[in-house]
Structure formats: C-alpha cells, structure tokens
Amino acid sequence: MPLWCYAVPMAAVALGWLPRGHPAYRALTDGLLPFALALLLMGVDVPSVVRAGWRALLAMALGSASIVVGAPLIAWLLRAHLPAEAWRGIGCLAGTWTGGSLNLLALRTVLHTPESMFTSLILVDAMVAYGWMALLMALAPWQSAWDRGVEARAVWPQLFNEAPSRRQPRGVAVVGRVLLAAGLVMGSRALASVVPPPKALVSSPSGWVVLLVTTFALGASLIPALRRMGAQSERLGQGCLYVVLAAMGAQASLAGLWSAPVWLLVGLGVALVHGVVMVVGGRLLRLPLGLLATASQANFGGVVSAPLVGAIYERRLVPIGFCLAIVGNALGTYLGLGSALLARLLLKS
C-alpha cells in the first residue's frame, strides 16, 4: 500500500495528469505529517510492551542493532557508488526497518532527504521488506529442528506466561482525539520556532517539528487517559500518512529510479547482516525460531505483518509481534537518526 500511494501520483505527474510542482503538495506534507505522527504515537502502550518479556525485547533489540549498525557499514563498503548525501538515505532505511512507514516519512523530513534519493528508498524498502517477510514464512517448517538444536523448547512456557493480550480501548470522541493531536502539533511548532538554528542532522525547521511531535506524543502515551485516546486514532492517522505519501510522490521524479540498483544492494546487504546477527544471537541465547522471526518482522515490517508472521509459527506469538512492532514505531525515528549519524561519520572519514 505505501508503495502504490507514492508511485501512482508520481506517475500521474510524469504523464501530465497532475500539475508539477504545485504548492499544495508541500503544504499537505508539512501540515499532515506531524498530525499523523501525533495520532499514531499517542496510542503506544508501554505497559504491554514491558509485559512482552525480556526475551522478546532482547530479540527485538538484536534485530534493531544489526540494522542501525549494519546499514552504515554496508554504505561504507559501497561508498564509491553512493551519492554524497547517502547518509541521509541510510537514516531513512534504518528508521523504516526498525520502525515502519511513519518513521520513514518522519526521517525524510527530519534529515531533509533529497526527493530523488527518496524515490529509490521507497522502492527498495518495499522490495526488501516483502522479500524478507516471504523468507521468514518459508523458514517456519524448520522451527522444530532449530528449537531442538539450540535447546529452546524450555523457553516457550516462560515466554507465553509473560505474553501480553491485546485489549480493545474504550471509545473516545473523534473530536477529542483530533484536538489533542492538533494541540501537540501547535505546541511543537511554537517550540521549534525558538530552537537554535538547524544542526547537521536535523536540517530544517519542519524536521524539528517532526522530532518534537514524536517526543511529545510518546510522552503523552505514558498517561493512561491520553493513551486510550491515541489508541482509537490508528485508522485516522494511517489515512493521513497515506495522503502524505501521495503528496510526496507527486513531488518526486522518475529520474530518481536510476539510482535504485545501488540502493537495492545496500538493502540486501543490510538484510544479510541482520539475518546473520539474528541467527548467531538466537543460537547463543537459545531463543526459539518463532520468536526470532516475529522480532525480525517487527523490525522490517510493522504492526500488521509482525503478528501475521508470528501466527505462522505459533498463534500465541501474535500479541508479542504486535507489541514488538509498537516498540519499533516508537523508537524507529530515534534509531534512524543514530544510524544516519554513524553513516555520516563513516562516509566522511
């Protein structure tokens, strides 16, 4: 879905069906993105994440660390073929592969990633993420052999004693949710206007707004009443994100696809590093294959695909996959920033 939301407007502009360079595209991007982030991140259920247990969180941390560190290393190996500002793209990829689409869009604004580069990143994100999901599903028949080999069966009872359940939040008026999100955005814009001049990583005022909204929304999620309001906002927030993607696609150029092959190599390299770390770490820590696969998809996928992969291995992994994906959504923007900083240091050394 994110790929098509981006690609269809891009093609429509190239064919002359939509006007090129219309100011409405930028207005939609700058206006709706912080609002969507506020709606989606207010509902992060930190207590449920904690109840997922230390093994699940450790598996998620292994996957995230392999991407945050692995992406800059792969970029350094391919530096001769990457553009000068490639570290900005690395941050976006690391953010979406430790969080999700909302982190990708947030980091695109925070890092001021060039539109020509972002076009390739959207394509590579879809190809690598869906390919990785297919691989994880294909590994399910080897679950018993892996668990016997690493002696992981003893972990299952403890894992499911810690597993959270997905509870439906009580209904809250749409107007209240919208007003709360709008308040967070306005407060962030006011604060961003007095922040010191843009620094190396956060290179625009709109980037500061996105980063502040992310932080304030996560802070609001720690208050139970506000968290319940946010938990009802997922559909509205996702709808806003799709509009933002379409507006970004309308500003893109098909010429950006020429650099897609080298970015695809970066993506495949990151996936390889991630896979090796998960296999080695899972074996040393005696983690079940189902848990490793669920945590891996929580990194590369999101709140929809992680529970789906978990269910293929063991139905009781569904709530764990959901909670781990929520962790990624909450932290992906910060992890992407860290990866961008590391890539910047490596590529400029």
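FYI, it's all coordinate maths here, none of it is from the lab. Computed from a prediction, not measured in an experiment: that's the story for all the values here. No Cβ is skipped: glycine too gets one built from the backbone with ideal geometry, and neighbour counts run over all protein chains shown.
Below are the figures for this structure:
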{"read-out": "Rough spin-label spacing in nm, given labels placed 7 Å along Cα→Cβ, for ARG20 and ARG286", "value": "6.3"}
{"read-out": "Virtual spin-label span in nm between ALA126 and LEU77, 7 Å along Cα→Cβ", "value": "2.7"}
{"read-out": "Distance from the range 10-83 to the range 87-111 (C-alpha centre basis), Å", "value": "4"}
{"read-out": "Proxy reagent accessibility, fewest Cβ within 10 Å first, across SER66, SER221", "value": "SER221, SER66"}
{"read-out": "Contour minus Cα-Cα distance for ARG316 and SER193 (0.36 nm per residue)", "value": "39.6 nm"}
{"read-out": "Fully extended contour minus Cα-Cα distance, from ARG148 to VAL243, at 0.36 nm per residue", "value": "29.5 nm"}
{"read-out": "Point-to-point label distance, ALA65-GLU115, nm (Cα→Cβ direction, 7 Å offset)", "value": "4.0"}
{"read-out": "Cβ-derived FRET efficiency at R0 41 Å, ARG235 paired with VAL276, nearest 0.05", "value": "0.65"}
